[in-house]
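Here the structure is laid out as structure tokens; the discussion comes afterwards.
The values are calculated or read from the model by the stated rules, or taken from the named source; none is laboratory data. All values reported here derive from a predicted model rather than from experimental measurement. Neighbour counts are summed over all protein chains in view; Cβ atoms, including those assigned to glycine, are modelled from backbone coordinates with ideal geometry.
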Amino acid sequence: MRTLAATLFISLDGVVESPEKWSFQFWNDETQKFKLDELRATDALLLGRVTYEGFAAAWPSRKDTDGFADRFNNMPKFVVSKTLKKLDWNNSHLIKGDLATEVSKLKQQEGHDIVIHGSPTLIRSLLHHDLIDEYRLLVYPLVLGRGKRLFDDASQAKLKLAESDAFSKGVVKLVYRRTDEAGQAKGT
């Protein structure tokens, strides 16, 4: 079974909205390596509408020496939306039908990780169905005070810290894995 991982940039007070406005000042080789390693272990993206639209506007024209943009642009992208009818970004597919059923089917397919970038509304929907196996958070040393947060009052999950690393610019990488009923971390 494939791992479904949510990966986000998040402020110390839990804000995930518009990381392009506050995260780049902390970008360095450690962040680049984490994101590149993560992408190399990924062979599909799962995105909500807002994240998809932002990525589809930005990524197709990007190029880089590491091959990140080419891989990102060419891998399959599965998009959850009730309003989009047409997807123009290369290799994008609209998820139709019951979200939990369709994501469960994706997880059953052969392959590497499926990664959700951003998309907090989608993450909260999948959390309710216990479908997210791993949370990969880059926690930034900022308190933003306002903005969309990852979790809301209805969010609940039992997780186990699987990895942690402090980067030189103050960003902390935290990887949490879902636990099963026996309390053992999944994937360990």
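Details
- Of the residues making up the stretch 37-79, those that are of a type in the set (A, V, I, L, M) and either outside any helix (DSSP H, G or I) or loosely packed, with under 15 Cβ neighbours inside 10 Å (or both) are Ala41, Ala44, Leu45, Leu46, Leu47, Ala57, Ala58, Met75, Val79.
- Test result for Lys148, in contact with a strand residue (DSSP E or B) (Cβ under 8 Å, 6 or more places away or on another chain), among the basic types (Lys, Arg) and in contact (Cβ under 8 Å) with a residue 60 or more places away in the chain: yes
- Applying the criterion of being of a type in the set (A, V, I, L, M, F, W, C) and in contact with a His (Cβ under 8 Å, 6 or more places away or on another chain) to the residues of the stretch 45-87, the residue that is farthest from Leu122 (Cα to Cα) is Leu87.
- Check on Val16, within 30 Å of Gln108 (Cα to Cα), modelled with pLDDT under 95 and β-branched (Val, Ile, Thr): no
- Test: residue in the stretch 133-141 that is under 18 Å from Val171 (Cβ atoms), among the aliphatic types (A, V, I, L, M) and under 12 Å from the mean Cα position of the chain (by Cα): yes
- Among (1) under 29 Å from Asp152 (Cα atoms); (2) surrounded by 14 or more Cβ atoms within 10 Å (Cβ to Cβ); (3) within 16 Å of the chain's Cα centre (by Cα), the one test that Ser104 misses: (3)
- Complete set of residues in the stretch 27-81 that are under 17 Å from the mean Cα position of the chain (by Cα), under 21 Å from Val139 (Cα atoms) and among the charged types (D, E, K, R): Lys33, Lys35, Asp37, Glu38
- Verdict on Lys33 being over 26 Å from Gly170 (Cα atoms), surrounded by fewer than 15 Cβ atoms within 10 Å (Cβ to Cβ), out of contact with any Cys (no Cβ under 6 Å at 6 or more places or on another chain) and charged (D, E, K, R): no
- Residue within the stretch 103-117 that is on the phi < 0 side of the Ramachandran plot, without any contact (Cβ under 8 Å) to a residue 40 or more places away in the chain and not in a loop (DSSP other than H, G, I, E, B) present: yes
- For beta carbons closer than 6 Å, sequence separation of 6+ or different chains, a first residue in the stretch 81-97 that is closer than 25 Å to Arg62 by Cβ and free of Cβ contacts under 8 Å to residues at least 40 places away in the same chain and a second that is surrounded by 15 or more Cβ atoms within 10 Å (Cβ to Cβ) and among the small types (Gly, Ala, Ser), the qualifying pairs are Trp89/Ala56.
- Options Leu94, Leu84; residue that is touching a Ser or Thr at 6+ places or on another chain (Cβ under 7 Å), more than 29 Å from Val143 (Cβ to Cβ) and surrounded by fewer than 18 Cβ atoms within 10 Å (Cβ to Cβ): Leu94
- Selection of the stretch 167-188 for residues being surrounded by 13 or more Cβ atoms within 10 Å (Cβ to Cβ) and modelled with pLDDT of 95 or more yields Phe167, Lys169, Val171, Val172, Lys173, Leu174, Val175, Tyr176, Arg177.
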